[in-house]
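Here is the structure we will look at, set down as structure tokens.
The values are calculated or read from the model by the stated rules, or taken from the named source; none is laboratory data. Keep in mind the model is a prediction, meaning the values are calculated, not measured. Here Cβ is always computed from backbone atoms with ideal geometry, including for glycine, and neighbour counts include all displayed protein chains. All accessible areas refer to the heavy atoms of the entire protein, side chains included, with ligands and DNA or RNA removed. Shrake-Rupley method; radii C 1.70, N 1.55, O 1.52, S 1.80 Å.
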2 protein chains.
Amino acid sequence: MKIYNNPAPEQWTDLCLRAKAGENAEVDKIVSNILQRVRIGGDEALMQLASEIDGLAIPYDLVVSDAEFAKAEAEVSDSLKAAIQTAAENISAFHRAQLPSEVRIETMPGVVCMQRPVAIHNVGIYIPGGTAPLFSTVLMLAIPARIAGCRRVVMATPCDRQGRVAPAVLYAARICGIDTVYKIGGAQAIAALAYGTESVTPVDKIFGPGNRFVTAAKQQVGGRVVSIDMPAGPSEVMILADDTSVPEFVAADILSQCEHGADSQGIVVCDSMQLAEKIKEAIELQASTLDRAEFVGRSLENSRIIVLPDRKDMIAFANLYGAEHLIISLRDPMLAADGITAAGSIFIGNYSPESAGDYASGTNHTLPTSGWAHSCSGVNIDSYMRKTTIQHLTQEGLARLADTITTMADAEGLEAHAQAVKIRMQCK
Amino acid sequence: MKIYNNPAPEQWTDLCLRAKAGENAEVDKIVSNILQRVRIGGDEALMQLASEIDGLAIPYDLVVSDAEFAKAEAEVSDSLKAAIQTAAENISAFHRAQLPSEVRIETMPGVVCMQRPVAIHNVGIYIPGGTAPLFSTVLMLAIPARIAGCRRVVMATPCDRQGRVAPAVLYAARICGIDTVYKIGGAQAIAALAYGTESVTPVDKIFGPGNRFVTAAKQQVGGRVVSIDMPAGPSEVMILADDTSVPEFVAADILSQCEHGADSQGIVVCDSMQLAEKIKEAIELQASTLDRAEFVGRSLENSRIIVLPDRKDMIAFANLYGAEHLIISLRDPMLAADGITAAGSIFIGNYSPESAGDYASGTNHTLPTSGWAHSCSGVNIDSYMRKTTIQHLTQEGLARLADTITTMADAEGLEAHAQAVKIRMQCK
């Protein structure tokens, strides 16, 4: 892990570069082909793809049965159930507090304008398979959907060759009120949710992480066929540290980021070379004790320690970077947070590790990566709603605005727009 | 304009089909080439494209000067200035009322979670050129940006061969506090805003309508390079009418929609053939009096009158369609609006024509088309903000959650995530 001591401002942009997932024409082509096959072939194509790509014996049941849910529940330990329950309560409490209210004002006498939040009806959640069963992501994506009031919340997730889904994933789905779980993985799951098949009713918006095929599929259908939650990229953390921080804690947080994958990135920004060296040592020491040491080692290569002379520069650098996770381990950390203008989620002080937010504090862990925090929010209650505007003009209200509207319509050359007002003013 | 009398529910989906702008491989290729040229060539490429595509004598000044702003202000009539002022006040009032507040709760003792709205820093607005100077869109896109607190709001708009921009557009930009207006049109404007050039600082999010080249450019950079406001499509209106509606008003609203362009769509849903016939007659009569009669005629071909037996079906059909503009001209229209689950903006009663919202009631006229209302909001104050979450755990708060976090991390196979908590519990 390289230390950069007081880099010149013109180097900052380069220091903010991410290990880009990047465009991949080959992946895009494979995915585009899968999307087409599912769009045209429906369930039959899903079956063929499951056989070709995942090696499943086909046909198999696309939908998880009640018996499978029951078996999953029996297999999850009581301690994990209790942990999931606690996390679910905190996530519910925080997302419920975000529920928007209707806005209503009279902009002029007789001209009432409203903004009404309405839940998206049909929501689809994708949960990746692989080695780690991401049941925490089920909670993060399904709980706010339920609180928002989405009528139909379905999930797609890959199964293994025997058609099994990780028990904790099914358990989490069930306690979040997801009734339908499709055993479909990869780009074909995104295709099924976007276009629909005989078995899968299409959704209005797709949420969830995935590998590069899933990401490419979401990018190809997003904004064309269906809405998606946000652009995806490798996970990242930035930690701001000064002499009030504990190097061992900083090291542990960097490593918990690095175990997400080889393309993850951890950045420490601190105010002295001495602290930088201590943190570096602590990272090396702790890394050697981890089972996944080699794996973590690769993502440490993307990681950096940057020493900047003062707090003002540290905050400016954090704002340029726009971290997915920003841990502020500085003196007066809330004051520093007030200066942050771009971050997915902020962790305050020495006892707010990233893993608290990843699992259980109540905040959402689906957050903008790769600098998207400059323009995107993480998943929150708004992600599951639309805001419809409503206007109600009385005859007097319209009369009050008639000249304004007709003058503007005439100036834009839109005769019929003006006429729609004039005809109402004539018929009194 | 064809009348469909009581169509069977299985026909409804077809009746909701839009005149699709559709994917166009040829346009996509041209646009992709323009994006590349600007990305690599910067200002020089912008100049060449302005010469090739728009026939401008180059080099020309990319940025509107103070003298040009002053000249524009002198050229706009006092009556139009007054109208713009009134509209701006209503738009400001309604969007200011939408400003979100910070959310703060303690999910558990010692675990504080916050959600903080933060304005997007750099925002770019595209305003099309062409025959109609869309100064109203300047108001709709720039006023909320200012209210949200965006630090830098720039605009790009094409100029004519003499390098001129419509005075009303410049006047509107200036009163909205836009300091920098770039004279760049088409896909190259989107490229400049997304990638930046020597003269154009790149933005975080691009707003605004445009022709198919602009739309394709926004689609290509959106979610890859920069955020965009929403997917684009031809404009549309649906009107729900019963015996409390006035056929002449309904007709005028359909025609004001149809004058937007040949691919616009107007749908009337009413509850009797008699009313349908009356509305059809009124449309034909009024259409013949318009200067743009022929133009309007073409978009009337995309338009329909649908007769459904009762109010419940009418509302269900409206929700399936998900109109950009929905005029509810029914008995108890607010009650009907309570049943609407998908619409961009709703217009209540006989005196709320679409043109009121297009210009001056206060609601935003940048709205989701083509059924995107099922998953997207129109432009509103949220469009210019992100919501950052913040969590602050005390040592006791973390202790309370420690078992939950480590149990979940272990179950997901994320050892270092658990370690980040354990190390903090050891150092007491």
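Worth pointing out:
- Once region B:117-145 is narrowed to residues that are at the interface with chain A (Cβ under 8 Å from one of its Cβ atoms) and without any contact (Cβ under 8 Å) to a residue 40 or more places away in the chain, the residue that is nearest to B:VAL169 (Cα to Cα) is B:PRO133.
- Any hit, region A:292-314, residues being of a type in the set (D, E, K, R), facing another protein chain (nearest Cβ under 9 Å), touching a residue at least 24 places away in the same chain (Cβ under 8 Å) and more than 12 Å from A:ILE239 (Cα to Cα): yes
- Filter pass, B:ALA232 being open to solvent by 10 Å² or more (accessible area, probe 1.4 Å) and free of Cβ contacts under 8 Å to residues at least 12 places away in the same chain: no
- Listed by first and then second residue, the pairs with beta-carbon distance under 8 Å, at least 6 apart or on different chains, first residue in region B:394-406 and facing another protein chain (nearest Cβ under 7 Å), second of a type in the set (Lys, Arg) and open to solvent by less than 10 Å² (accessible area, probe 1.4 Å), are B:GLN395/B:ARG424; B:LEU398/B:ARG424.
- Qualifying residue in region B:194-204 (condition: within 16 Å of the chain's Cα centre (by Cα) and either more than 12 Å from chain A (Cβ to nearest Cβ) or touching a residue at least 60 places away in the same chain (Cβ under 8 Å) (or both)): no
- Test: A:GLY339 is in contact with a strand residue (DSSP E or B) (Cβ under 9 Å, 6 or more places away or on another chain) and within 12 Å of chain B (Cβ to nearest Cβ): no
- Single match in B:GLN265, B:GLN274, B:GLN286 (criterion: without any contact (Cβ under 8 Å) to a residue 60 or more places away in the chain and crowded, with 20+ Cβ neighbours inside 10 Å): B:GLN286
- Complete set of residues in region A:400-425 that are open to solvent by 10 Å² or more (accessible area, probe 1.4 Å) and in contact with a strand residue (DSSP E or B) (Cβ under 9 Å, 6 or more places away or on another chain): A:ARG400
- If you go through region A:342-363 and keep only what is facing another protein chain (nearest Cβ under 7 Å) and among the polar types (S, T, N, Q), you end up with A:SER345, A:SER352, A:SER355, A:SER361, A:THR363.
- Residue in region A:244-255 that is aliphatic (A, V, I, L, M), surrounded by fewer than 24 Cβ atoms within 10 Å (Cβ to Cβ), out of contact with any Lys or Arg (no Cβ under 6 Å at 6 or more places or on another chain) and on the phi < 0 side of the Ramachandran plot present: yes
- Looking only at region B:372-403, residues that are part of a loop (DSSP other than H, G, I, E, B) and under 23 Å from A:PRO100 (Cβ atoms) come to 6 in all.
Residue by residue, here is whether (1) open to solvent by 20 Å² or more (accessible area, probe 1.4 Å); (2) in contact with a helix residue (DSSP H, G or I) (Cβ under 8 Å, 6 or more places away or on another chain); (3) facing chain A (nearest Cβ under 9 Å); (4) under 30 Å from B:GLY163 (Cα atoms) holds:
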| residue | (1), (2), (3), (4) |
| --- | --- |
| B:ALA83 | no, yes, yes, yes |
| B:PHE94 | no, no, yes, no |
| B:ALA97 | yes, no, yes, no |
| B:GLU102 | yes, no, no, no |
